[in-house]
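Engineer: Below is a structure I'd like to ask you about.
The values are calculated or read from the model by the stated rules, or taken from the named source; none is laboratory data. Note that the structure is predicted; figures quoted are calculated from it, not measured. Reconstructed Cβ throughout: ideal geometry from the backbone, glycine too, with neighbour counts over all protein chains shown.
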């Protein structure tokens with residue numbers, strides 16, 4: 001099957017591991033290569049992977065990344081008669097509303113009709129050699145090359161000499177072959193609507209094909225479409241479309257789908273951008289794929305995938321269908337298992353298959369795994385007929401192990417199952433999953449799929465539908481020059497050097513103080529020094545209280561309790577930077593504290609600066625009367641009664657300009673007479689009025705007072 005191939009790593013890659021046409025691991029340009037591969041049918045889980053997101057508290061951008069990658073859409077497959085031949089051409093589209101404007105059909109070079117033409121099973125009257133030359137050349141291009149710059153570059157194609165009949169308009173639509181249509185998308189055939197698709201417009205202009213307007217946008221332009229700027233791809237109303245005229249595109253799409261199905265010309269289908277997961281890797285490291293190939297069984301039409309009965313000596317059961325995950329090789333899906341004849345799972349009593357000890361494990365240039373060169377590993381006996389057989393030498397991708405390791409943490413010494421069911425129910429799901437955004441369509445997607453498969457085979461509980469509750473994306477720290485850190489740029493910050501110079505708590509706290517958890521921020525040593533000053537201040541404040549024997553003449557109840565509540569909420573929401581800001585503000589306000597208040601402050605500091613907090617906890621004697629370590633102490637609770645402020649600050653303005661701020665008893669803020677009495681008794685206000693007449697008194701309860709003089 002054609003796969004993504006990294007010439008540097010010398011392995012096949014899944015679609016999710018190709019970013020911008022390059023290997024996400026090493027950055028090399030990816031090409032296409034035909035190699036036999038094991039594939040996991042993740043597409044069978046596509047709907048569940050989307051619908052299951054409702055069970056999570058992932059942030060919206062993470063949910064959207066997975067939804068967009070899976071990309072579930074309703075399509076309709078429209079069947080057109082082809083003039084003069086028995087074959088029909090079936091096109092897949094999400095915009096059948098524009099079908100009255102369809103003027104041509106384009107096929108992928110791999111399409112069945114293209115193959116029949118070059119094999120002379122369909123005669124078209126066109127230059128066969130020209131068609132054959134184009135098809136062969138296009139097929140030799142990588143899919144990535146064919147996808148690059150689809151819009152904007154000159155279009156290429158060859159006319160087949162065939163015409164499809166548009167049932168709606170009864171017009172003949174010329175059928176072309178072009179490299180921008182991919183056999184892996186839809187049906188490998190696209191109906192061209194050049195008035196309402198830029199790519200189709202460019203193709204029509206290139207080859208002089210008809211362009212018809214069937215949608216009018218909000219600008220009201222309804223004339224001929226002659227330039228790219230005229231192409232209406234967005235919202236609009238239908239025109240020149242018979243019974244659809246006047247409808248918006250959404251209503252028209254539903255109406256035409258119903259009509260095409262009623263007529264027997266079309267059939268709705270659900271399609272996905274998600275592709276089945278290429279599971280083979282041609283490197284040494286990784287879990288061996290536990291499959292065995294027997295040539296003798298293949299010759300006799302036997303194999304695990306076609307469910308033929310096994311001999312009595314086999315230690316695996318075909319009737320049970322042990323491998324319930326849709327799993328196939330070389331692009332052969334379920335229902336075509338005959339092409340996987342001779343393949344069997346390794347018997348359960350021979351698992352796990354262990355990698356052999358080797359001196360050299362470099363990838364090979366021929367696309368074979370390094371394991372293929374080790375006869376002692378490759379050669380084995382068939383678990384069914386007992387004759388000579390060979391092991392699969394490809395290994396699993398790195399995701400195979402990392403997709404479920406968290407389950408193994410629950411019961412690591414269990415040799416009977418992944419984990420005891422009671423432990424899974426006790427500990428799962430994972431509370432928080434933290435990682436970079438690049439994992440949204442890689443590890444996060446794969447591990448959710450694997451978890452659902454494990455639930456299907458009873459390895460984990462179906463009562464826990466998703467493996468993760470919260471998914472947080474961490475940000476990126478740039479160099480001091482606002483560029484990605486790189487040795488070549490000389491802007492790399494070495495953690496060990498920073499820790500040696502300032503201390504690990506300063507470094508840790510600065511990283512949390514830089515900005516939002518998921519933000520992108522530049523390294524700034526001046527701010528780091530500010531964090532050091534703050535921790536120095538906390539230490540000095542603590543020792544001052546010890547020296548003062550925690551004698552306190554201030555009412556700190558409101559400050560302390562607001563701090564407990566605010567920091568706690570910030571921690572829950574990964575707002576570490578705002579939690580630190582609240583601590584800084586509190587230490588600026590506090591003059592003296594009693595011993596219990598000091599213990600609370602140290603507890604709040606502990607997750608941010610664990611070493612400093614532990615030292616201060618010992619200094620104030622916390623381990624004597626509460627816990628040996630601050631990190632084992634109970635998190636402070638908020639006294640809700642102390643959160644109620646006793647007074648409210650109200651700005652007082654004269655002629656709209658604030659002159660003074662007064663404090664009013666909270667219980668009296670609505671008492672106009674008392675508030676105004678306090679205003680007029682204020683010495684500064686008396687000085688501003690200075691005997692002049694107050695024309696108007698404006699008061700917004702608890703908010704402001706304005707005197708007009």
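Engineer: Residue check, residue 387 against (1) within 30 Å of residue 360 (Cβ to Cβ); (2) touching a helix residue (DSSP H, G or I) at 6+ places or on another chain (Cβ under 9 Å), all met but one. Which one?
Structural biologist: Result: residue 387 passes all but (1).
Engineer: Given the structure, is residue 419 touching a residue at least 12 places away in the same chain (Cβ under 8 Å) and not assigned by TED's automatic domain parsing to the domain that holds residue 581?
Structural biologist: yes
Engineer: Which one of these is in contact with a strand residue (DSSP E or B) (Cβ under 9 Å, 6 or more places away or on another chain), closer than 18 Å to residue 188 by Cα, touching a residue at least 40 places away in the same chain (Cβ under 8 Å) and not assigned by TED's automatic domain parsing to the domain that holds residue 232: 11, 3?
Structural biologist: 3
Engineer: Let me ask something additional. Quick check: is even one residue across region 458-471 assigned to a loop (DSSP other than H, G, I, E, B) and in contact with a strand residue (DSSP E or B) (Cβ under 8 Å, 6 or more places away or on another chain)?
Structural biologist: Checked region 458-471: at least one residue is assigned to a loop (DSSP other than H, G, I, E, B) and in contact with a strand residue (DSSP E or B) (Cβ under 8 Å, 6 or more places away or on another chain).
Engineer: Restricting region 620-642 to residues that are part of a loop (DSSP other than H, G, I, E, B) and under 41 Å from the mean Cα position of the chain (by Cα), which is surrounded by the fewest Cβ atoms within 10 Å (Cβ to Cβ)?
Structural biologist: The qualifying residue surrounded by the fewest Cβ atoms within 10 Å (Cβ to Cβ) is 634.
Engineer: In the set 670, 677, which member is over 30 Å from residue 613 (Cα atoms) and in a loop (DSSP other than H, G, I, E, B)? Working first, answer last.
Structural biologist: Working: 677 fails: in a loop (DSSP other than H, G, I, E, B).
Step by step, each of 670, 677 is checked, and only 670 is over 30 Å from residue 613 (Cα atoms) and in a loop (DSSP other than H, G, I, E, B).
Engineer: Does region 641-674 hold any residues that are in contact with a helix residue (DSSP H, G or I) (Cβ under 7 Å, 6 or more places away or on another chain) and closer than 16 Å to residue 689 by Cβ, and which are they?
Structural biologist: The answer is 652, 654, 659, 660, 662.
Engineer: OK, next. Is it true that residue 686 is farther than 28 Å from residue 556 by Cβ, in a loop (DSSP other than H, G, I, E, B) and without any contact (Cβ under 8 Å) to a residue 40 or more places away in the chain?
Structural biologist: No.
Engineer: Tell me, yes or no, whether region 415-432 has at least one residue that is within 30 Å of residue 47 (Cβ to Cβ), touching a strand residue (DSSP E or B) at 6+ places or on another chain (Cβ under 8 Å), modelled with pLDDT of 90 or more and exposed (fewer than 13 other Cβ atoms within 10 Å of the Cβ).
Structural biologist: Yes, the conditions are met somewhere in region 415-432.
Engineer: Can you find a residue that is modelled with pLDDT of 85 or more, touching a strand residue (DSSP E or B) at 6+ places or on another chain (Cβ under 6 Å) and closer than 19 Å to residue 276 by Cβ anywhere in region 49-70?
Structural biologist: There is no residue in region 49-70 that is modelled with pLDDT of 85 or more, touching a strand residue (DSSP E or B) at 6+ places or on another chain (Cβ under 6 Å) and closer than 19 Å to residue 276 by Cβ.
Engineer: With respect to the numbered conditions (1) in contact (Cβ under 8 Å) with a residue 12 or more places away in the chain; (2) in a helix (DSSP H, G or I), which one is the sole condition not fulfilled by residue 89?
Structural biologist: Only one criterion in (1) in contact (Cβ under 8 Å) with a residue 12 or more places away in the chain; (2) in a helix (DSSP H, G or I) is unmet by residue 89, namely (2).
Engineer: Which fully enclosed helices (runs of 4 or more DSSP H) of region 518-610 have 2 or more residues being exposed (fewer than 15 other Cβ atoms within 10 Å of the Cβ), without any contact (Cβ under 8 Å) to a residue 24 or more places away in the chain and assigned by TED's automatic domain parsing to the domain that holds residue 501?
Structural biologist: 525-547, 557-572, 576-589
Engineer: Let me ask something else. In region 695-709, how many are farther than 21 Å from residue 665 by Cα and in a strand (DSSP E or B)?
Structural biologist: 2
Engineer: Output the residues belonging to region 178-199 that are over 31 Å from the mean Cα position of the chain (by Cα) and closer than 23 Å to residue 249 by Cβ.
Structural biologist: If the condition is that a residue be over 31 Å from the mean Cα position of the chain (by Cα) and closer than 23 Å to residue 249 by Cβ, then 191, 192, 193, 194, 195 are the ones that fit.
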